[in-house]
């Protein structure tokens with residue numbers, strides 16, 4: 001038996017064994033990491049879409065690099081959308097998983 005009388009080892013309050021403290025730093029970490037992923041992932045998906053639109057519209061790609069027509073416009077919009085959507089969905093799923101875990105622990 002430990003000092004708190006519950007038999008659990010830890011520095012938290014009694015009966016708080018096995019539960020990690022939910023802090024703002026965890027959400028900040030998930031949000032920042034997924035923002036970077038969303039920025040580049042959204043941009044790459046948008047460039048793929050610009051390639052498809054360029055092929056359907058018979059746009060002649062750049063001769064040196066093979067870049068599709070107006071790919072920068074597509075990339076900036078895709079990056080903006082990914083920068084917002086991916087962190088929002090990531091944090092929403094992270095919070096939902098935590099709530100489900102807390103509800104299943106209660107019984």
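Nothing in this text is a laboratory measurement; each read-out follows from the coordinates by a stated rule. Not measured: the values here are computed from a predicted model. So basically every Cβ, Gly included, is an ideal-geometry build from the backbone, and we count neighbours across all protein chains shown.
Annotations for the structure displayed:
- FRET efficiency for residue 44 and residue 96, using Cβ-Cβ distance with R0 set to 22 Å, rounded to 0.05: 0.25
- Neighbour-count ranking [beta-carbon atoms within 10 angstrom, fewest first] of 88, 60: 60, 88
- Least to most buried among 48, 83 (fewest other Cβ within 10 Å first): 48, 83
- Counting neighbouring Cβ atoms within 10 Å and putting the fewest first, the residues 51, 24 line up as 24, 51.
- Here the label points at residue 89 and residue 52, each 7 Å from Cα along the C-beta direction, are separated by 1.5 nm in the simple model.
- The ellipsoid equivalent to the alpha-carbon distribution of segment 24-99 has semi-axes of 34, 11, 7 angstrom, derived from the gyration tensor eigenvalues as √(5λ) and listed largest first.
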